[in-house]
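Engineer: Quick one: the structure is below, and I'll ask about it shortly.
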Amino acid sequence: MNHVFRLQVGPVAFRIGSQWRRPVEQLRRLYAGYPEPDGLCDFTVRLEAERVWRRWLRPSVAIRGDYVLPDAAPLPLAQGLLAAEMGMNLQMALGQKSFLLLHAASVERDGRALLMTGHSGAGKSTLGALLGERGWRFMGDEFALLGLDDGLLHPFPRAVSLKNESLGLFDGVDRGRLGPVLAGTPKGLIRHLRPNAEAVARMGEPARPALILFPRFGRDLEPAVREVGAAEAFMRLTQASTNYVALGERGFDALTRFVGALPSRAIDYADTAQAEALVDSLWPGA
Amino acid sequence: MAASLYAADPPETLRIVELEGLTLLYHRRSGLTHFLAPPAPQILEALAAGPAGAAGIAASIGERFEIESEDPAAAIAARLAELEAAGLVWRT
Amino acid sequence: MARRVSDARWLVRLLADPGAAREVGDWTSPIALARAESLAGSLAWRIEGQALGPRVEAVLEAARRDGEAARVQALWEAEMARRALAPLGVPIILLKGTAYAAAGLEAGRGRSIGDLDILVPRAALPDVERALLAAGWEWVKEDNYDDLYYRRWMHELPPLIHRERDRMIDVHHAILPLTARPKPDMAAMIADRVPLEDGLFVLSPPDMIVHAAAHLFADGDLAGGLRNLWDIDRLLREFSERDAAFWPALRDRAARHGLVPAVGRAVRLAHHLYGTPVNWCQTPISRPLDSKEPVGSKIGVRHRLTILDFFFRRRLLARDGWGRARRPLTRLAFYVRSHGLRMPPLMLARHLWVKARRR
Amino acid sequence: MRATMSERSETSGDEGAGRPSRRVVLALGAAAASTVVTIRPALAQTAGSVLNCEIPVPAPQAGAGQFIAADGSLVPAGTAGAYPPLARPLKGEEVKAMLNGGRPPAGVDSEAAQAYANYIRRLQAGMSGFTCYASLQMPR
């Protein structure tokens, strides 16, 4: 491929090839300070023109790579960075078999990890990123990796994708950590945020999980906490996992142990201050 | 039809974890996880002794539990159909 | 290993000669290639136990586990089809990957397995269709032309998918489309089936090769061809080791089904790419069909590639170290060929016309 | 699943899978209640299933009977300029064509199709049809 970027995020290494220079330059800036993979890359992502002439004429980026699913509309070249991010997500969702992959945000404090999962729009990603700016170590906002043998949560601190309204919550961060503004994407306005230096420096350190939260965001919601039973938590986590079924018995073992050992709570909140207060009150030993 | 005998995979090929009164079952042969509510786990237990029909299963469960049903054999037959669709039992 | 991996030769070399793994510096390209050709699991088994470093080992281990999960899932799907069809009393013959896994053949090791392919006698087709629909399978597409086209000309029912388990089944009554020039003897193939323990069947060893070769060279555009040829290599090795009379049996079967050219090409290319040991005196390689020459005669026994074989080889290897399809013209040529193989020209024109108008 | 989660076990909790030490009451359940729920993959795995999956417009839990505005948001029934809910769920294949600006599903005019497409783009995890939509979005 003409332009290549290799990226290590937690235990996973990616090789991203692009026919165009721009997406790779943007990746390089966004992921400045990340380590270069040492040897094998687990997954290959390719950004290439869907048809030969679409490389120049109204260029549009098809997302390809080791693992693929039925055809979707390609993205305009202006959203090439988003295409790269989606390409990495896709490889993880379909190809990651060394961890139980949970669609969840995770943060760590005092050596213990908090896992937050829920529908997109439930605020787990924003909440994870915010906590990561306020004394917690950010471990990831998109995927959490549960070790199949060690039962630990392994960090996967990719860039956070901030959407629409949530952008305003991060006004205070160093501008150098922000990616370009991507307007008109299928998910609206998107801007990526590089995790802070601590999150990057400690991306190799897993943490013992201590609490599972199922947050729900709604402007009209009263703050509330509900206990979630292990059976319900198990069910919800299988639906939040892209590879639970594929992992077979190892997935069953890891997840039953996980939900059996940890408290789970559903929380409702109307703004992030409420959410932070709820998290603090629920954090074991707080 | 009423005389159909059902069989199930031997217990050692099933992984069972109890969570809050529900039975979580991993079925090695299919690689699938099922949530079972009573009386499905009891039916599988009854079949561990060998193939049986709905009436026989009802009788064997009746030895261990107080059954709350007007027509236990019919109720068991309905549950067997579900277990059959999930591949956990089959007709011999 | 070479900096640039411009075609799939490295993957082939690693499969043929696992010792070459020690020469590989960066595994990223071979892994991407193997995944693109659905050979990651096979490769991972092939080069197992070579101390290639923890990172490489982790990727290979995941690929092996994936292959195991594919095996469990495929066998389960076969079992569910068996349960659905058992009351019919019709022989159900497993084909392709599921057959290799069910029969415990080396070719099934680590192999990715997609749809469930089964072969049943043509007369049983309506009953089989009804039983599957009653047991939760549904048509994938509802489209009159495709349906009619399938029923009239194809060797299989239109694909069905199970509504709960999300898996597809292809029900074949022949191994090639009815419009294709070779006319395999399906009655003989079904009659020679080999029973498995659970009541299902697989094809006899020579027929298994004939089917794999027909599928690869007499049907389709060679997509996934390296994997299919790897199957053939594994099967040929295992069958010929097991049975001294295998090669002549293969020769007879290929002739009987009118598939000597496809089988010959499969044997030559498997030997050439994967180093399959071949008893050249007793194989179907280019020997004139009506040859009265005694076995072992030098006449007509050729193991060198023909000119056409080189084009096939070129197509099979058309993938680079990024997993990208290469050689668009070669691919196009094989795509066009695949249609030509399936239908006479007039029918092909009609088919393409209907397809084009629907766009 | 929902049926099972709400319909809690009637065995007394301390028995578990083991041998009961005393007689416990076992309800055999209503004929229609489900006692087996199989965990399915969260992502559709095959091309066929993606084209076959369904998206209700709108999702029942999002508000059955509500209309869909041009931007895809849900508005009260009868709102001017908004479109009524679809009587049948859309197939993955129809949605794919619609999202790519192709032909609208049978019986739907192109403006309404635009509104429905916008509604689908706003789907979130947990709503009916999201998994189908997400699978369609995944590039091959």
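Engineer: Per the Debye formula with a single identical scatterer at each Cα and no solvent contribution, what log10 I(q)/I(0) holds for segment A:174-236 at q = 0.11, 0.13 Å⁻¹?
Structural biologist: Here the Debye-derived log intensity ratios amount to -0.56, -0.77.
Engineer: Evaluate E = 1/(1 + (r/R0)^6) for residue C:241 and residue C:9, where r is the Cβ-Cβ distance and R0 equals 30 Å; express this FRET efficiency to the nearest 0.05.
Structural biologist: 0.65
Engineer: Could you work out the equivalent-ellipsoid semi-axes for segment B:1-71, taking the square root of 5 times each eigenvalue of the Cα gyration tensor, largest first, in whole Å? Could the numbers behind the result be given before it?
Structural biologist: Details: eigenvalues 92, 52, 19 Å².
They are 21, 16, 10 Å, listed largest first.
Engineer: With a length cut of 20 Å (Cα positions projected on each helix's long axis) and a Kyte-Doolittle mean of at least 0.5, go through chain A and give me the DSSP H helices that pass. Walk me through the numbers on the way to the answer.
Structural biologist: Values: long enough: A:80-95 (22 Å, 0.91).
The qualifying helices are A:80-95.
Engineer: Also, quick follow-up: Based on the alpha carbons, how large is the Rg to Rh ratio for segment C:157-283 when Rh follows Kirkwood?
Structural biologist: My calculation of the ratio gives 0.98.
Engineer: Run the 1.4 Å probe and let me know the accessible area of residue A:222, rounded to the nearest 10 Å².
Structural biologist: 140
Engineer: A further question on this structure: In segment C:150-192, what is the volume of the convex hull around the alpha carbon atoms, normalised per residue and reported in Å³? All intermediate terms of the calculation are to be shown ahead of the outcome.
Structural biologist: Values: hull volume 3.4 nm³, N = 43.
In segment C:150-192, the Cα convex hull volume per residue is 78 Å³.
Engineer: Based on the Cβ-Cβ distance from residue A:261 to residue B:28, what FRET efficiency comes out when R0 is 22 Å, to the nearest 0.05?
Structural biologist: It comes to 0.40.
Engineer: At 1.4 Å probe size, with every protein chain present, just tell me what the per residue accessible area of the protein assembly as shown comes to in Å².
Structural biologist: Values: 36770 Å² over 877 residues.
So the protein assembly as shown comes to 42 Å² accessible per residue, rounded to a whole number.
Engineer: Once A and D are treated as a pair rather than alone, how much accessible area drops out, both sides summed, in Å² to 100, probe 1.4 Å? Working shown, then result.
Structural biologist: On the way: alone 12910 and 9530 Å², together 20250 Å².
Answer for the A-D pair: about 2200 Å² buried.
Engineer: Provide the convex hull volume over Cα atoms per residue for segment C:71-115, in Å³.
Structural biologist: Output value, Cα hull per residue: 65 Å³.
Engineer: Quick one: the Cα spread of segment C:1-95 along its three principal axes, in angstroms, biggest first?
Structural biologist: 58, 27, 19
Engineer: Of the peptides A:272-280, A:132-140, how do they stack up when ordered by the mean number of other Cβ atoms within 10 Å, highest first? Could the numbers behind the result be given before it?
Structural biologist: Values: A:272-280: 16.7, A:132-140: 21.0.
Descending mean neighbour count gives A:132-140, A:272-280.
Engineer: If you take the accessible area of C alone plus B alone and subtract the pair, what total do you get in square angstrom, rounded to 100, with a 1.4 Å probe?
Structural biologist: On the way: alone 17330 and 5750 Å², together 22470 Å².
About 600 Å² of accessible surface is lost on pairing.
Engineer: What does the buried accessible surface come to for B and A, summed over both chains, with the probe at 1.4 Å? Round to 100 Å².
Structural biologist: Summed over both sides, the interface buries about 1100 Å².
Engineer: Something else now. How big is the Cα convex hull of segment C:198-246 in projection, averaged over all directions, in nm²?
Structural biologist: Taking the Cα atoms of segment C:198-246, their convex hull projects to 4.2 nm² on average.
Engineer: Hey, got the Cα dimensions of segment A:66-177 along the principal axes, in Å, largest first?
Structural biologist: 43, 40, 25
Engineer: Related question: Using only atoms on other chains, find how many Cβ atoms lie within 10 Å of each Cβ of peptide C:53-66 and report the average.
Structural biologist: Taking the mean over all residues of the peptide, I get 4.
Engineer: If you roll a 1.4 angstrom probe over the protein chains with everything in place, what fraction of the accessible area of the protein assembly as shown belongs to carbon and sulfur, to the nearest %?
Structural biologist: 53
Engineer: Averaged over A:10-16, how many beta carbons belonging to a partner chain fall within 10 Å of each residue's beta carbon?
Structural biologist: On the way: counts 0, 2, 0, 3, 1, 6, 0.
Shielding by partners across A:10-16 averages 2.
Engineer: Here is a further query. Quick check: with the 1.4 Å probe, what order do C:133, C:14, A:94 take by accessible area, largest first?
Structural biologist: C:133, A:94, C:14
Engineer: Over the protein assembly as shown, what number does the Rg to Rh ratio reach, with both radii from the alpha-carbon atoms and Rh per Kirkwood?
Structural biologist: Rg/Rh: 0.97.
Engineer: Assuming R0 = 35 Å, can you tell me the calculated FRET efficiency for the pair residue A:219 and residue B:20, based on Cβ-Cβ distance, to the nearest 0.05?
Structural biologist: Between residue A:219 and residue B:20 the formula returns 0.60.
Engineer: Need one number: the % of Cα-Cα pairs in segment A:1-57 sitting beyond the 13 Å mark.
Structural biologist: Here the long-distance tail beyond 13 Å is 60 percent of all Cα pairs in segment A:1-57.
Engineer: When you look at the Cβ of every residue in A:40-48, what mean number of other chain Cβ atoms sits within 10 Å?
Structural biologist: Mean shielding count: 6.
Engineer: From the C-alpha coordinates alone, can you work out the Kirkwood hydrodynamic radius of segment A:1-105, in Å?
Structural biologist: 14.1
Engineer: Given q = 0.16, 0.21 Å⁻¹, what are the Debye log10 I(q)/I(0) values for segment C:61-212, with equal point scatterers placed on the Cα positions and solvent ignored?
Structural biologist: Values returned for q = 0.16, 0.21 Å⁻¹ are -0.89, -1.46.
Engineer: Using heavy-atom solvent-accessible surface (probe 1.4 Å) with all chains present, what is the largest-first order of A:163, A:97?
Structural biologist: So, going from the largest accessible area down, we get A:163, A:97.
Engineer: Mind checking the log10 I(q)/I(0) for chain A at q = 0.12, 0.15, 0.16 Å⁻¹? Debye, one equal scatterer per Cα, no solvent, two decimals.
Structural biologist: -0.75, -1.17, -1.31
Engineer: Still on this structure, please answer the following. Using just the alpha carbons, could you tell me how many Å³ per residue the convex hull of segment A:132-224 encloses? The partial results should precede the final answer.
Structural biologist: Details: hull volume 13.1 nm³, N = 93.
Per residue, the Cα convex hull of segment A:132-224 comes to 141 Å³.
Engineer: So how long is each side of chain C along the principal axes, counting just the alpha-carbon atoms, biggest first, in Å?
Structural biologist: 55, 54, 48
Engineer: Here's another thing I want to ask about it. Express in whole angstrom the spacing between the alpha-carbon centres of segment A:73-152 and segment B:1-72.
Structural biologist: Centre-to-centre distance over Cα atoms comes out at 39 Å.
The values are calculated or read from the model by the stated rules, or taken from the named source; none is laboratory data. All values derive from a computational prediction rather than experimental measurement. Cβ sites come from the backbone with ideal geometry, for glycine too, and all protein chains shown count toward neighbours. Accessible surface is based on the protein model in full, side chains and every heavy atom, while ligands, DNA and RNA are left aside. Shrake-Rupley method; radii C 1.70, N 1.55, O 1.52, S 1.80 Å.
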